[in-house]
Each structure stands twice: as C-alpha cells, then as structure tokens.
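Structure record follows, encoded as structure tokens.
Bear in mind these aren't lab numbers, they're just calculated from the coordinates by the rules spelled out. All values derive from a computational prediction rather than experimental measurement. Cβ sites come from the backbone with ideal geometry, for glycine too, and all protein chains shown count toward neighbours.
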Amino acid sequence: APEWLEPGAVVLRGFALPQAIELLQAVDAITAQAPFRHLITPGGQRMSVAMSNTGALGWISDRSGYRYGPTDPTTGLPWPPMPALFRQLAREAAEAAGYPGFVPDACLINRYAPGTRLSLHQDRDEGNYDHPIVSVSLGIPAIFLWGGAERADKARRVGLWHGDVVVWGGPARLRFHGVAPLADASHAMTSGLRINLTFRKASG
Ligand code: MD3
Ligand code: FE
C-alpha cells in the first residue's frame with residue numbers, strides 16, 4: 001500500500017525490486033561511459049555523493065553554479081541515453097502516485113558509500129515544478145530527511161531500502177530534504193554502496 005508522507009509525497013515500498021538487477025547493470029554501463037565524479041559546489045566544497053547522469057539532460061555543479069546541461073563536462077560527450085527500462089519505471093511509479101504521463105528527460109545517479117551525506121536542500125533547477133520527481137533507492141539503506149518549506153523546519157526521518165521508490169510532486173515538490181550520513185552496511189548487489197536514481201523533467 002502506498003505510504004503518504006504528506007499530500008504529494010508517496011513511498012512505494014519495493015516498487016523497483018523486480019527490476020533491481022537490470023537497473024544496476026544499466027548503471028554500470030552508463031557509468032562506464034560517464035564516470036561517477038564528486039562535483040564541486042558553487043561555494044567550493046567537494047560533494048561527498050558521487051554523481052553521474054543519463055538522459056538528454058544531466059545535473060551538474062561547479063564554481064559557476066548548479067544547472068542542467070546536455071553534455072558531460074568530464075568527457076565533453078552527451079550524457080548516455082536513458083534506457084527504456086528507466087523511463088518506464090519512472091512513468092509507472094509516477095502514475096501509481098497520481099501523476100500519469102510523466103516523461104523524464106534527466107536521471108541523476110547518486111552513489112553513496114558509508115559516511116556519505118547530502119545536506120538539506122531544495123531541488124529548484126528544473127524548469128517547471130508542476131512535474132513530479134521520482135526517486136529509486138538501491139543497495140544499502142539510508143535515512144532520508146524530510147523537511148518543510150524552510151530550511152530551519154524540523155526534518156522527519158524516513159528509512160529508504162533497496163527497491164523503494166518515492167514520488168514527490170504537488171505541494172511536496174519544493175520541500176527541503178537530504179540524506180543522513182550512511183551507516184556501514186553491506187548489500188550483495190551493490191558492493192556495499194547505495195545507488196539512488198532521481199528522475200526529472202528538467203526542461204520546462
Ligand atoms: C523531495 N537525492 O538528488 S532522493 C537529489 O537519496 C536528492 O540521493 C536524495 O535529494 C538521494 O536531489 C534524495 C529523494 C528526493 C529527490 C528529489 C526531491 C526527494 C525530493 C525533490 C523534491 C522533494
Ligand atoms: Fe534533492
């Protein structure tokens with residue numbers, strides 16, 4: 001049964017389990033072309049999360065800011081095309097959450113080792129906040145931090161496990177959110193790492 005965190009935010013436990021092996025194989029193929037890297041924030045900090053992208057657009061950060069772009073700055077090549085499996089999973093999850101017809105053009109791939117964290121932030125680099133974001137968690141578990149409309153609002157802690165999918169739209173779309181430092185754990189499919197896929201419609 002869907003778990004509603006609040007209106008617009010739904011956890012679909014285990015929704016991606018049937019496709020987990022194929023998703024992770026695709027992540028390996030994508031990151032052989034567009035390797036994981038630690039981006040630098042506009043403030044000059046190295047992010048502890050390692051990132052890559054698949055799809056027409058990819059999210060990047062450097063000293064000049066955050067943005068989506070069509071090419072991988074480390075190779076100069078277009079981001080690898082988004083596999084049909086990814087697009088279909090994102091569309092089906094969005095539909096299950098009440099957002100039919102979701103067509104993502106960007107998938108950010110986040111890799112977390114134990115100790116990696118993602119501090120509270122909003123996702124505001126997409127052209128149109130009417131589209132939801134779909135996230136898929138694979139590998140070792142994480143504690144997701146679910147905040148409010150202001151950075152200072154107290155965050156709820158929500159466990160996310162291998163195969164869980166979350167859809168964030170409507171009034172939940174601009175909530176502050178983050179990931180607590182990952183605990184040591186093991187997972188046979190991911191060499192003890194967490195892989196998170198976030199699907200977005202980045203161009204208006
Ligand atoms: C809620 N990633 O990539 S996924 C991110 O686990 C990001 O890697 C986290 O936050 C991760 O930006 C969390 C869940 C998520 C993604 C986007 C959201 C939650 C969101 C956008 C708006 C509200
Ligand atoms: Fe985010």
Condition check for Gly192: touching a strand residue (DSSP E or B) at 6+ places or on another chain (Cβ under 8 Å) and within 14 Å of ligand 2 (Cβ to nearest atom):
no
Of those in the range 156-183 that are hydrophobic (A, V, I, L, M, F, W, C), surrounded by fewer than 18 Cβ atoms within 10 Å (Cβ to Cβ) and away from ligand 2 (no atom under 11 Å from the Cβ), the residue farthest from Arg91 (Cα to Cα) is Ala183
For Asp184, are the conditions met, namely being among the acidic types (Asp, Glu), part of a loop (DSSP other than H, G, I, E, B) and farther than 21 Å from Tyr112 by Cα?
no
Report yes if Thr31 is touching a residue at least 40 places away in the same chain (Cβ under 8 Å), out of contact with any Leu (no Cβ under 8 Å at 6 or more places or on another chain) and buried (at least 18 other Cβ atoms within 10 Å of the Cβ), otherwise no.
yes
Selected residue [under 22 Å from Val165 (Cβ atoms), surrounded by fewer than 20 Cβ atoms within 10 Å (Cβ to Cβ), among the hydrophobic types (A, V, I, L, M, F, W, C) and away from ligand 2 (no atom under 16 Å from the Cβ)] from Ala97, Ala84, Ala50:
Ala84
Which of (1) under 15 Å from the mean Cα position of the chain (by Cα); (2) touching a residue at least 40 places away in the same chain (Cβ under 8 Å); (3) buried (at least 20 other Cβ atoms within 10 Å of the Cβ) does Phe36 not meet, given it meets every other one?
(3)
Every residue from the range 116-153 that is within 9 Å of ligand 1 (Cβ to nearest atom), among the polar types (S, T, N, Q) and either part of a loop (DSSP other than H, G, I, E, B) or over 16 Å from Gly8 (Cα atoms) (or both)
Gln122, Ser137
Those residues that are under 16 Å from the mean Cα position of the chain (by Cα) and surrounded by fewer than 16 Cβ atoms within 10 Å (Cβ to Cβ), I need them from the range 53-67; list them, please.
Tyr66, Arg67
Odd one out for Phe15 among (1) assigned to a loop (DSSP other than H, G, I, E, B); (2) closer than 22 Å to Ala142 by Cβ; (3) in contact with a Cys (Cβ under 7 Å, 6 or more places away or on another chain):
(3)
